[in-house]
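Peer 1: One structure follows; several queries about it will come next.
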There are 2 protein chains.
Amino acid sequence: MTDADQKSPGRPRSAKSHQAMLKATLDLLAEVGFATMSIEAIAARAGVGKTTIYRRYSSKEELVADAIESIREEVLLPDAGSLWADIDALIENAAQITLTPLGRQSVAMIIGSATSHPTFAQIYWTKYLEPRRQTFAAVIDRAKARDEVASDLDPGLVFDAMSGIMLYATIFPPAAETWQDYVRRALELILAPPSR
Amino acid sequence: MTDADQKSPGRPRSAKSHQAMLKATLDLLAEVGFATMSIEAIAARAGVGKTTIYRRYSSKEELVADAIESIREEVLLPDAGSLWADIDALIENAAQITLTPLGRQSVAMIIGSATSHPTFAQIYWTKYLEPRRQTFAAVIDRAKARDEVASDLDPGLVFDAMSGIMLYATIFPPAAETWQDYVRRALELILAPPSR
DNA sequence: AATTTACGATACCGTACCGTATCGAAATAG
DNA sequence: CTATTTCGATACGGTACGGTATCGTAAATT
């Protein structure tokens, strides 16, 4: 869509306003959650007229979906030389994204609307999980080449299990341990112990 | 509280109405979710005056918390003779409770309010997870006695991992597999392969 | 310059709830 | 029977928000 502002004669839509409303949407999502936030509040915080929002989106779902989609994070592909060094990097990266109000509220929203509005779950899958699943498979492949794990290990299943544990640890934080350490320990259970 | 209806002279509170409002609360929670449901709607569905609700609860949180707490399910302790037979029973039991609108919405609510209102997470932990965690430990203990798993296996961690996978599979249902089969496969990853 | 479209602001009207109050009826204790 | 408390119902004022319309202004095309 690089040629978005073509043809039509009139004043073009303000990219600035558009960005402001996306930002306000994410902020409010993190602060009060999906159900509680109103279009009016978003408009007010973004310093934007309600009209301007309604002109682009016809529902809160649409707006929020687009706002979440607008977050572009690079998926890192660690290559630290050993499986567990790579995994630690992945865990740390996941922690930084997940352990925030925005992360929590997003997950809550996704689950709550998983049946009625599968949109959010799809976005989360496509934009967040799927790429990381690919990355993880690459990491496991290298580990297989180094004989660090069994050659018939199913990377997808391991990734899902890891994601599940992360989700669980986000809701019920471990008491005596870091989130990261806890996730790692669970993963050791799956992948057999690390070097020593 | 067996002596609840004592002393006071006037008309006692109706247990029937109380049950009706708890039922209506759970129904609506399953249908529309926590944030969307109103006290008025609960009263209407229960065939009860709003006053009757406000006399007992001062907030929606209180009401919902009590409604969820009122669900009494027996935690089953399977003893089918082998580890995997026991596990299959546990998985099936979890599936029946989790894979329902009420289960999904409860989880969503718990996560969404995990930081602001830890009440729900605590209830879920105390009433649901903790008992099952105990049960699971017993199952693992028996498996250890039968030499089916390593003697130093941490049952709590395995349980948490399993719960995490169940949670994950609830949000992102496996495409080519049953929820139960999928969870089982992940668990095999952790506990080493079953007999054959 | 004329036209077209978007902008922020504001004013609406309608609806849904909240939480309280009030009512007459019903249920209990003394 | 009397006092007390709860019951469902209804009414009420207040707030918040949805979604549309309107207005004068700004930014673009031709």
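Peer 1: Do any residues in region A:47-62 that are within 14 Å of another protein chain (Cβ to nearest Cβ) have Cβ atoms under 9 Å from those of residues that are more than 6 Å from DNA strand C (Cβ to nearest atom) and of a type in the set (Gly, Ala, Ser), where the two are at least six apart or on different chains, and which pairs are they?
Peer 2: Pairs that qualify, where the first residue is within 14 Å of another protein chain (Cβ to nearest Cβ) and the partner is more than 6 Å from DNA strand C (Cβ to nearest atom) and of a type in the set (Gly, Ala, Ser), are A:60/A:38; A:61/A:113.
Peer 1: Let me ask you something else. Residue by residue through region B:146-196, note down the ones that are among the acidic types (Asp, Glu) and under 26 Å from the mean Cα position of the chain (by Cα). Let's see the steps before the verdict.
Peer 2: Initially, region B:146-196 is screened for residues among the acidic types (Asp, Glu), giving B:147-148, B:152, B:154, B:160, B:177, B:181, B:188.
Within region B:146-196, B:154, B:160, B:177, B:181, B:188 meet the criteria.
Peer 1: Also, quick follow-up: So for region A:132-150 (the condition being out of contact with any Lys or Arg (no Cβ under 8 Å at 6 or more places or on another chain) and within 30 Å of residue B:106 (Cα to Cα)), does at least one residue qualify?
Peer 2: Yes: region A:132-150 contains one or more residues that are out of contact with any Lys or Arg (no Cβ under 8 Å at 6 or more places or on another chain) and within 30 Å of residue B:106 (Cα to Cα).
Peer 1: Just wondering, is there one or more residues in region A:106-116 that are modelled with pLDDT under 95, outside any loop (DSSP other than H, G, I, E, B) and not hydrophobic (A, V, I, L, M, F, W, C)?
Peer 2: So in region A:106-116, the residues modelled with pLDDT under 95 come out as A:106-116.
The next check asks that each one be outside any loop (DSSP other than H, G, I, E, B); those that pass are A:106-112.
Next, from what is left, pick out any that are not hydrophobic (A, V, I, L, M, F, W, C): A:106, A:112.
Yes, there is a match, as at least one residue in region A:106-116 is modelled with pLDDT under 95, outside any loop (DSSP other than H, G, I, E, B) and not hydrophobic (A, V, I, L, M, F, W, C).
Peer 1: Also, quick follow-up: Report, by residue number, each residue of region B:28-67 that is out of contact with any helix residue (DSSP H, G or I) (no Cβ under 6 Å at 6 or more places or on another chain) and either away from DNA strand C (no atom under 15 Å from the Cβ) or at positive phi (or both).
Peer 2: Listed by number, the residues that qualify are B:47, B:66.
Peer 1: Related question: Are any residues in region A:146-164 touching a Ser or Thr at 6+ places or on another chain (Cβ under 9 Å) and more than 18 Å from residue B:192 (Cα to Cα), and if so, which ones?
Peer 2: Hits for region A:146-164 are A:146, A:164.
Peer 1: Would you point out the residue of region B:141-159, among those that are assigned to a helix (DSSP H, G or I) and touching a residue at least 24 places away in the same chain (Cβ under 8 Å), that is farthest from the other protein chains (Cβ to nearest Cβ)?
Peer 2: Taking region B:141-159 as the starting set, the residues that turn out to be assigned to a helix (DSSP H, G or I) are B:141-145, B:155-159.
Filter once more, keeping what is touching a residue at least 24 places away in the same chain (Cβ under 8 Å): B:142-143, B:158-159.
Values: B:142: 19, B:143: 15, B:158: 7, B:159: 10 Å.
That would be B:142.
Peer 1: Only one residue in A:131, A:174 is closer than 15 Å to residue B:157 by Cα and not basic (Lys, Arg), so which one is that?
Peer 2: Values: A:131 fails: closer than 15 Å to residue B:157 by Cα.
Of the residues listed, the single one that is closer than 15 Å to residue B:157 by Cα and not basic (Lys, Arg) is A:174.
Peer 1: Of all the helices (runs of 4 or more DSSP H) wholly in region B:1-103, which have at least 2 residues that are at pLDDT 95 or above and either basic (Lys, Arg) or farther than 30 Å from residue A:109 by Cα (or both)? Don't jump to the end; show me each part of the working.
Peer 2: Numbers: elements: B:15-32, B:39-46, B:50-56, B:60-69, B:83-98.
Here the list reads B:15-32, B:50-56, B:83-98.
Peer 1: Residue check, residue A:25 against (1) away from DNA strand C (no atom under 16 Å from the Cβ); (2) under 17 Å from the mean Cα position of the chain (by Cα), all met but one. Which one?
Peer 2: (1)
Peer 1: Let me ask you something else. Residue B:38 is checked against (1) away from chain A (no Cβ under 14 Å); (2) of a type outside the set (A, V, I, L, M); (3) more than 30 Å from residue B:148 (Cβ to Cβ); (4) without any contact (Cβ under 8 Å) to a residue 40 or more places away in the chain and fails just one. What number does that condition carry?
Peer 2: Going through the list (1) away from chain A (no Cβ under 14 Å); (2) of a type outside the set (A, V, I, L, M); (3) more than 30 Å from residue B:148 (Cβ to Cβ); (4) without any contact (Cβ under 8 Å) to a residue 40 or more places away in the chain, residue B:38 breaks only (1).
Peer 1: Additional query: Output the residues belonging to region A:118-140 that are within 21 Å of residue B:162 (Cα to Cα), more than 10 Å from every other protein chain (Cβ to nearest Cβ) and hydrophobic (A, V, I, L, M, F, W, C).
Peer 2: Correct list: A:136 only.
The values are calculated or read from the model by the stated rules, or taken from the named source; none is laboratory data. None of these values were measured; they are calculated from a predicted model. Please note: Cβ atoms are built from the backbone with ideal geometry, for glycine as well, and neighbour counts cover all protein chains shown.
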